[in-house]
């Protein structure tokens, strides 16, 4: 809601109508002879060769999958192989005009695109650059294999390298492009501009937009092509990605060289089926996919349907669309019509389509048609083209032989090095900035009104006179988060922050108050209400080399970005074989007072997912230190905050929150109060519930409780907790999350295993009820109260003399609640 | 009539605001809609417009002051008008307080406590791992203890309490009139009983007593202790030294290092030394094999290891067989025993009892008498295998070894 753009009722209420322009469909109609001015003979032949290489590569995979044999070479590949036989012209045409700086993203069916873009890159690279790429990739391990006995040019070596790296990846070999950890559906090779393919349908729909954002914000050369299938048009993240990419603000509010559309081309590889569902005619309603562009923005996304069975038609379209993107008039939507002759996967019986249909498309096969055209136009002789096929088969045979040889191409050795994959889950680096450069800011930091305001605040909850400081005059938790973020914006030129209400409003919880004054739109902006795209674009932004800080407002909205948080953000570092980093921090706020869909602590959901770091600070000191650590690291961090305590002052760290920079290491819990008789381990704002319970234990029952604030969920160092339990023998755990399946249960189980011999009672978990969160007036019956802790201690750990319980913490009640699932 | 300007409430959770700046001074003429002052919460900044026209008669707060919401901030009226009625008034009466949930009466549940839950006979004993470990450490049997934890579970504090009261072994008499408790013998007790009886019934045991000047022993012990405190690996005890002396004596008197088996006698080339150890479960005599190969340090280490293993219950049973040792030592010195007759572990032919150290008057030479510490030694031997004279010679050998003991610490 920028104040400078007024919405005039007189204007928007005026009657009018929307008119649409034309969307071209299959308009390309040139023959080879007509195109001979634009292509050399070599170009035509190379287009043919590239299609043949892709076709033969997949024919080989198909034979291996269905017959375990290719020209007598036997192998069993148990993993997936989603083939795109029939779609070669679309892949080669797409890649033909793309430069090395242009990135492509793909789907589960992207072998052809990887090879096409790789072949295009090899053609463009000079020999030295190509050799350097091959030599530097994983210390040249893949190069060594193909170099052995190679006679011929560097480019020919490059092709062998491409085929071998891709196949080794598909067959899970250590020499694969991603050490075999990505596999068929995720293979990629960034030095050739091939970015992750994605096994989740439409997964690239928002990630690729983040890559385009990276290019725009960091003024990088090149465009981004998002290759996804026609059926992904039914996926929310694709729509969210399109919404994000077409935001008005790129043209209205972004200034100077940042002004203009995102350089992204949504290329729908429209093979007309989503697995077995016929998109046009059965599962979608667009008739012609390109129609979608008309509804998105006034430019109709420059949408067009092109004939993906004609490589020249695809090349022509990409040349024109690339120009639009370079002129900052994007984004663009292309509906590249093609057909998959092979099944969805080798187990596909094609029961959803007729034999006649497949045969008709086989007759129209792009490779055969193009071959006839080349011969007819006398660009090449049949013998010449036959020899290309023969050479290709020989190359693929050699590649297959090398790839399946255990000695040449071993799998990762998890017997010898059992922790190899562990070592790839996180990059664990410490980086002030992701790239050198000047940080673009609007005013010096000390002139910022928020910074000035914070300077007047008391950084401890009691003043020098020992008296409690009023809320408004004390340094609050939200100030701690702000200071860390502000500091990073002046350190890392690549840092961007976005989400809903981030600009102008200052964030729904006033954490970002003051940021708008400091930063231009290209570093801080409001996103559409698209949590999927908010996180998904951050994934793309991070994997390209930038640092992103995004916010999804409420924890309850995690479901809206489930795939991005669970499947994308945590996985790409390890799935890339540690080629890419993921410096992305996602701020997630746990609500209160707002009922069932705005008050849930879902930290356990992300705590469960391998590849995420999860923190939940509860004090201003920890909030600032953990945000600093999160923004200094190179790993994805889910940063939980609690709306209950945004205004809390620092009550534990003597001397208050330091003004300078410091980090709290992620994964280290902290003793907030020492004690001998019982340990209380809290996550999030229940730290203060624990403090109240501990006060009562001391005053009424003469027991001293040791309070440990978990601060992080994952990673988590149990040593401190175990030491405490060795001392006290008793532990109670508490958080605001619903008890069943909460992260406390994970912790309680681990503590039981690690400290069994020292336990004088079972670890007891006190979380919220397994209900909907009721209205604020009833919250005390839902969220853990100090009394609940005392009752649980009394009933399950150590009877408290004279204690009268107010809640039912008996084992029988526990059985009853579980029995009824409440 | 004068009108009060109140601090607006900016949202449900806001309790007060700070006045950032005043835009009007006292005495200024105010129009409706004029901005009077700006104020901020911890989340946002706002501007307060006047709802009244008139003269700003009074500003009740200054810039930077924190003002509770709904309090009067300023008064607008006509010049000269009295403002006394607003002097110390708030409009709190209109305050819509949030219903305090904390103060609500909460239904009482009946406390279900573990304090009075008694364990029924035959019921499984519920004890926490920590309490079990503590009981073992203190050598306390927890079977009779009434737990104070939830549902009668025995927790650590119960064990500690039992250890202090010394009443743990004898639970309170459950039925009136019983003067004793009947317990079945443990297997261990049965085995000890049978062995002891067999030994005394089937051999010809008698005991010779002597004592050795212990000054050398005590001096060495002092050095060993100092050295251990400085970091030496072994804390060599008096018992270790006596055993060391015994081993050396045995090497000179191989006829004592024997097993008597019916009509044959096995004379051992090596010394396998048995050591009587008192444990929770009863007497055990573990063996240190090839003890004559060991330095005093290694002997000390091994004696300590086998004794500890017996106490922990994880000793190799083969080392407990009386056939495993060729000679045994039983030391009751620490209990202050001055003289006793140890019982031989058949088929061994002798055992040395080690007694406490007593200061005895001794001729120090030249008619001077003084008190010298002596350690008592009691050798029981099987007269079927050894006669009195060689047994006495062996005992003297031990004494001489003790008095002339020397080793490097």
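General observations
- A full extension of the chain between residue B:293 and residue B:137 corresponds to an added length of 52.8 nm, given 0.36 nm per residue minus the alpha carbon distance.
- Relative packing of A:625-633, A:387-395, B:378-386, A:109-117, which averages over residues the other C-beta atoms within 10 Å, highest first: A:109-117, A:625-633, B:378-386, A:387-395
- Taking a ≥ b ≥ c as the square roots of the eigenvalues of the alpha carbon gyration tensor, the range A:32-408 is rounded, as a/c is under 1.5.
- Tensor-based shape of the protein assembly as shown (alpha-carbon gyration tensor, a/c under 1.5 rounded, otherwise prolate or oblate): oblate
- For chain B, a Gaussian network of Cα nodes joined below 10 Å ranks B:246, B:67, B:277 by mean-square fluctuation, and the top entry is B:67.
- Once the Cα atoms are used to define both axes, helix B:296-312 deviates from the longest principal axis of chain B by about 70 degrees.
- Sorted by Cβ density within 10 Å, fewest first, the residues B:281, B:59: B:281, B:59
- Chain B: angle of helix B:129-138 to the longest principal axis, Cα-based, in degrees nearest 10: 40
- Zone of residue A:280's modelled label, taken as backbone nitrogen in the range A:198-236 under 12 Å from a point 7 Å along Cα→Cβ: A:230
- Ordered by the number of other Cβ atoms lying within 10 Å of each residue's own Cβ, fewest first, A:752, A:336 fall into the sequence A:752, A:336.
- For the range A:339-449, diffusion coefficient by Stokes-Einstein and Kirkwood Rh (Cα), 10 °C, 1.306 mPa s, µm²/s: 73
- When the alpha carbon gyration tensor of chain B is reduced to an equivalent ellipsoid, its three semi-axes come out at 92, 30, 19 angstrom, largest first.
- Stretch gain in nm, segment residue A:20-residue A:362, where the contour uses 0.36 nm per residue and the Cα spacing is subtracted: 119.5 nm
- Distance (nanometres) between label positions extended 7 Å along Cα→Cβ at residue A:375 and residue A:414: 5.0
- Fluctuation leader among B:250, B:273, B:261 - chain B, Gaussian network, Cα springs under 10 angstrom: B:261
- Relative contact order (percent, whole number), chain A, Cα cutoff 8 Å, 6+ residue spacing: 10
- In the range A:515-662, the C-alpha radius of gyration followed by the widest Cα-Cα span (Dmax) gives 15.6, 44 angstrom.
- Cα-Cα separations in the range A:1-160 greater than 21 Å, expressed as whole percent: 65
- Model label sites at residue A:464 and residue A:446, defined 7 Å from Cα along the beta-carbon direction, differ in position by 2.1 nm.
- Centroid-to-centroid separation of the range A:724-758 and the range B:36-83 [C-alpha atoms, Å]: 53
- Shielding value for A:505-512 is 2, the average number of Cβ atoms from other chains within 10 Å of each residue's Cβ.
- More than 22 angstrom apart: percent of Cα pairs within the range A:670-820: 34
- Average beta-carbon neighbours from other chains, 10 Å sphere, peptide B:143-153: 3
- Averaged over peptide B:42-48, the number of partner chain Cβ atoms lying within 10 Å of each residue's Cβ comes to 5.
- Nearest-ten-degree value, helix B:187-202 long axis tilted from longest Cα axis of chain B: 10
- Label-to-label distance for residue B:232 and residue A:221 is 7.9 nm, based on points extended 7 Å past Cα in the beta-carbon direction.
- Shape class of the range A:394-448 from the alpha-carbon gyration tensor: oblate, with a/c at 1.5 or above and b/c at least as large as a/b.
- Estimated FRET transfer efficiency (residue A:27, residue A:723; beta-carbon r; R0 60 Å; 0.05): 0.25
- Segments A:681-691, A:789-799, A:289-299, B:133-143 sorted - mean Cβ within 10 Å per residue, highest first: A:681-691, A:789-799, A:289-299, B:133-143
- Distribution of pairwise C-alpha distances over the range B:188-403, 5 Å bins, in %: 1, 7, 14, 19, 20, 17, 11, 6, 3, 1, 0, 0
- Summed over qualifying helices (DSSP H, 4 residues or more, each -39500 (n - 2.57)) and divided by its residue number, the protein assembly as shown shows a 222 nm mean residue ellipticity of -10000 deg cm²/dmol.
- Ranked for footprinting exposure by Cβ neighbours inside 10 Å, fewest first, A:605, B:185 give B:185, A:605.
- Across the range A:133-186 the C-alpha pair distances fall into 10 Å bins from zero in the proportions 29, 53, 17, 1 percent.
- Taking B:31, B:157, B:205 as the candidate residues, the one with maximal mean-square fluctuation in a Gaussian network model of chain B, Cα springs under 10 Å, is B:31.
Read the figures in this text as sums done on the coordinates, not as results from a lab. Because the structure is a prediction, the values reported are computed rather than measured. Using ideal geometry, Cβ is built from the backbone for each residue, glycine included, and neighbour counts are taken over all protein chains shown.
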